[in-house]
Amino acid sequence: MLRTHTCGEARASLAGKEVTLAGWVHTRRDHGELTFIDLRDRYGITQVVAHAKENPAAHKALGKARNEWVLRVRGTVRARPEGTKNAKLPTGEIEVAASEIEVLNESKTPPFYVNEETEVEETLRWKYRYVDLRRERSREIMRLRHEVTNFIRNFFVERGFWEIETTMMIRSDPTGARDFIVPSRYYPGKFWALPQSPQQLKQLLMIGGIDKYVQIARIFRDEDPRADRIYEATQLDIEMTFAEPGDVMDVVEACYTAVFERFAKKPLRTKPFPRMTYEEAIRRYGTDRPDTRFAMELVDLTDAVRGTGFGVFKDAIASGGALRAVVVPGRAAASRKDVDTWTAVAKTRGAKGLVSFAFVGAEVRSPVAKFFSADELARLRQTSGATAGDIVLVVADEYRVASRSIGEIRRQLGQELGLVDASAHHMMWIHRFPMFERTPEGTWTFSHNPFAGPLTADDAKLLETDPGKAISSQYDLVVDGNELGGGSIRIFNRAMQERALEVLGISKDEAAVRFGALLDALEYGAPPEGGIATGMDRTVMILAGLSNARETIAFPKTQTGYDPLLDAPAPVDAKLLEELGLRVIAKPEKRP
RNA sequence: GGUCCCGUGGUGCAGCGGCCUAGCAUACGUCCCUGUCAAGGACGAGAUCGCCGGUUCGAAUCCGGUCGGGACCGCCA
């Protein structure tokens, strides 16, 4: 090695020893005849000093050096003179008196500060990510991610899970997200797809008798990225043979409890994780990933105003819908604009509108107050639990639409009004999901994935008779209102799998083409098995208290998938296209 | 596909019809300086305000378009 020690390990105990350090110039303080530099590497910062009279050559070299130059420094560790120690640095007791400076490399002036925590525009950071990674904040996120990943991998390996890498080039399937595809040279016009998850492969591993599998797997989804969603994500993927839902939940809960207790900045307030049914989550919070760090639970006003003459409510109730509401404390004075904003939020979740009732003293203020009797208004107030100064927001619609709309308003207001207890993490399980949900078009879609099995034998029977009532074995892991992941016990019987796909509108013949390998495998002694996948990017993001998953990966892309560092995507050589049997018909986007 | 926000020396911000010959901090360059640690001091260089067009006597500032970035909706089994 070009060094004997790192820049983070020199201590008073090394005083008098000669050391050689290598690193980057973090800052330089030039006093004329006396020059200091802070030399930085991954491990820390060490002050290097040179005096013109004691060591003219080293002093001259330090005077010439600039930020981010790469230096190799030979010198003697010595205690700093009394009164000049720096309590802010772990190495602040000592300094290295340089005897020899070797410039390993110079650096242009960096495009942004390495030694300051200023916000810098992301595109610039990603373009110069190799400079950005030298910044303490970025480095510590990388360290956290490394440690969390390593911890989780060891956790499962120690419990008998085998880490197995699955292929990254699989068969494309129109179910789910848009695939990233890879053209094939031997089969022109045919493509592999990058996996959206190793779901079918891990099931095949279980059928193969692997018993317990774990993989920190890359997954790819070509859908518009968001703050917490990236193109190429990493998931913790596990699968266990002969497992029941509780077995998977127990081992994952043990893992995540340990991870949060070891790596989170805030205490985990929920131990053991509460297990809440999907039905209860929707009823109390209007979402299947509730943020339980604050109350303000939803209320149901359907019965309170049953029989009302007010058209909107009357029609909703008559068609089997519900009145779902939330009491916003102390916001009776909310402006028309506030209500409009809340209405817009409700509409993003499918509501057709929103009705408000503000309670000012004994008075009720509402744009629709005239449609209600005093009795009805009193019942509405009593049922909601609103007190003077509160405003009640109501959505009347099909039960789930109304619940989700109000739930989203609750979520946003919880943050805006500072109701959220941000001093702790709340982790929980949501389970007993319905196997299928109605699409707006009236057909069925699956709530987890098409391979999730029914929870009980009775639910299996419902698959044949009344699929909408069948409860799935699915369980979702939720933290602070974020979905971290989900899993299920899988269907392990061909006929049942075919039936489940049929409910989704996929015929036997079509299923045989799209899921042939899995369906065939189910006929060769497939065992009951199940597992889970959780998002590693989101896990690290939450542990680090970040609002953006791009920060957690080494080389991020922009919202349009552009990679400013590698300038990708990029055109490919015409010869390669020819070999692959491809012709480009779209004009490539021009980039500056 | 849609909605909203942003784009001003290297970086981060201010300026939002004339007072801008574009301000501040920091970085950068030269010089001074023996104990600093965000060192200090002096001097200096550096931007036609993302781009195109329009309104106006006059545009960084107003309007339209466009490009780029971000947040969100759709989408994400």
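The values are calculated or read from the model by the stated rules, or taken from the named source; none is laboratory data. All figures in this text were calculated on a predicted structure; none of them were measured in a lab. All Cβ positions, glycine included, derive from the backbone under ideal geometry; neighbour counts span all protein chains shown. Side chains are part of the model used for accessible areas, which takes the heavy atoms of the whole protein and leaves out ligands, DNA and RNA. Shrake-Rupley method; radii C 1.70, N 1.55, O 1.52, S 1.80 Å.
Inside the range A:442-457, can you point out the residues that are of a type outside the set (A, V, I, L, M) and more than 10 Å from RNA strand B (Cβ to nearest atom)? Break it down stepwise before answering.
First, pick out the residues of the range A:442-457 that are of a type outside the set (A, V, I, L, M): A:442-451, A:453-454, A:456.
Correct list: A:Gly442, A:Thr443, A:Trp444, A:Gly453, A:Pro454, A:Thr456.
Return yes or no: is A:His5 more than 16 Å from RNA strand B (Cβ to nearest atom) and open to solvent by less than 70 Å² (accessible area, probe 1.4 Å)?
Values: more than 16 Å from RNA strand B (Cβ to nearest atom): yes; open to solvent by less than 70 Å² (accessible area, probe 1.4 Å): yes.
It is true that A:His5 is more than 16 Å from RNA strand B (Cβ to nearest atom) and open to solvent by less than 70 Å² (accessible area, probe 1.4 Å).
Mind listing whichever residues of the range A:92-116 are over 22 Å from A:Leu133 (Cα atoms) and either of a type in the set (A, V, I, L, M, F, W, C) or open to solvent by less than 60 Å² (accessible area, probe 1.4 Å) (or both)?
The initial filter retains those residues of the range A:92-116 that are over 22 Å from A:Leu133 (Cα atoms), namely A:92-102.
Matches in the range A:92-116: A:Gly92, A:Ile94, A:Glu95, A:Val96, A:Ala97, A:Ala98, A:Ser99, A:Ile101.
Among the listed residues A:Leu21, A:Leu89, A:Leu34, A:Leu39, identify the single one that is within 25 Å of A:Glu140 (Cβ to Cβ) and open to solvent by 40 Å² or more (accessible area, probe 1.4 Å).
None of the other options fit; the residue is A:Leu89.
Could you tell me which residue of the range A:418-466 is surrounded by the most Cβ atoms within 10 Å (Cβ to Cβ), considering only residues that are assigned to a loop (DSSP other than H, G, I, E, B) and hydrophobic (A, V, I, L, M, F, W, C)?
Filtering the range A:418-466 for residues assigned to a loop (DSSP other than H, G, I, E, B) gives A:418-424, A:426, A:432-433, A:435, A:439-443, A:447-451, A:453, A:455-456, A:466.
Filter once more, so that each one left must be hydrophobic (A, V, I, L, M, F, W, C): A:419-420, A:422, A:424, A:433, A:435, A:451, A:455.
Details: A:Leu419: 16, A:Val420: 19, A:Ala422: 12, A:Ala424: 13, A:Phe433: 25, A:Met435: 28, A:Phe451: 20, A:Leu455: 22.
Checked the range A:418-466; the qualifying residue surrounded by the most Cβ atoms within 10 Å (Cβ to Cβ) is A:Met435.
Residue by residue, here is whether (1) more than 35 Å from the chain's Cα centre (by Cα); (2) outside any loop (DSSP other than H, G, I, E, B) holds:
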site	(1), (2)
A:Thr308	yes, no
A:Lys337	no, yes
A:Thr343	no, yes
A:Ala358	yes, yes
A:Arg379	yes, yes
A:Leu393	no, yes
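Starting from the range A:224-235, keep only residues that are over 15 Å from A:Arg178 (Cα atoms), then list their pairs with residues that are more than 9 Å from RNA strand B (Cβ to nearest atom) and open to solvent by 50 Å² or more (accessible area, probe 1.4 Å) whose Cβ atoms are within a distance under 6 Å, requiring at least 6 positions of separation or different chains.
Within 6 Å, the pairs are A:Asp228/A:Arg538; A:Thr234/A:Arg218.
I need the full set of residues from the range A:4-50 which are in a loop (DSSP other than H, G, I, E, B), within 39 Å of the chain's Cα centre (by Cα) and touching a residue at least 24 places away in the same chain (Cβ under 8 Å), in order please. Even if it seems obvious, please write down each step before you answer.
Of the residues in the range A:4-50, the ones in a loop (DSSP other than H, G, I, E, B) are A:4-11, A:15-17, A:31-33, A:42-43.
Cutting the leftovers down to within 39 Å of the chain's Cα centre (by Cα) gives us A:5-10, A:42-43.
Hits for the range A:4-50 are A:Thr6, A:Cys7, A:Gly8, A:Glu9, A:Ala10, A:Arg42, A:Tyr43.
For the range A:298-319, does any single residue satisfy the condition of being on the phi > 0 side of the Ramachandran plot and at pLDDT 90 or above? Even if it seems obvious, please write down each step before you answer.
From the range A:298-319, those on the phi > 0 side of the Ramachandran plot are A:307; that's our starting set.
With at pLDDT 90 or above added as a condition, the list becomes none.
The answer is no; no qualifying residue exists.
When the residues of the range A:552-569 are narrowed to those that are out of contact with any Asp or Glu (no Cβ under 9 Å at 6 or more places or on another chain) and outside any loop (DSSP other than H, G, I, E, B), which ends up most open to solvent (accessible area, probe 1.4 Å)?
It comes out as A:Ala568.
Go through the range A:307-316 and give me each residue that's within 17 Å of A:Val392 (Cα to Cα) and open to solvent by 70 Å² or more (accessible area, probe 1.4 Å).
A:Val312, the sole residue that qualifies.
In this structure, is A:Val214 of a type outside the set (Ser, Thr, Tyr), touching a helix residue (DSSP H, G or I) at 6+ places or on another chain (Cβ under 6 Å), more than 24 Å from A:Gly545 (Cβ to Cβ) and modelled with pLDDT of 95 or more? Let's see the steps before the verdict.
Values: of a type outside the set (Ser, Thr, Tyr): yes; touching a helix residue (DSSP H, G or I) at 6+ places or on another chain (Cβ under 6 Å): yes; more than 24 Å from A:Gly545 (Cβ to Cβ): yes; modelled with pLDDT of 95 or more: yes.
Yes; evaluated as a whole, the condition is true for this residue.
Does A:Glu253 count as open to solvent by less than 60 Å² (accessible area, probe 1.4 Å) and under 23 Å from A:Arg153 (Cβ atoms)? If you could, list the steps in order and put the result at the bottom.
Numbers: open to solvent by less than 60 Å² (accessible area, probe 1.4 Å): yes; under 23 Å from A:Arg153 (Cβ atoms): yes.
Answer is yes for this residue.
Identify the single condition in (1) open to solvent by 30 Å² or more (accessible area, probe 1.4 Å); (2) on the phi > 0 side of the Ramachandran plot that A:Glu68 does not satisfy, given that it satisfies every other one.
Just one mismatch for A:Glu68, condition (1).
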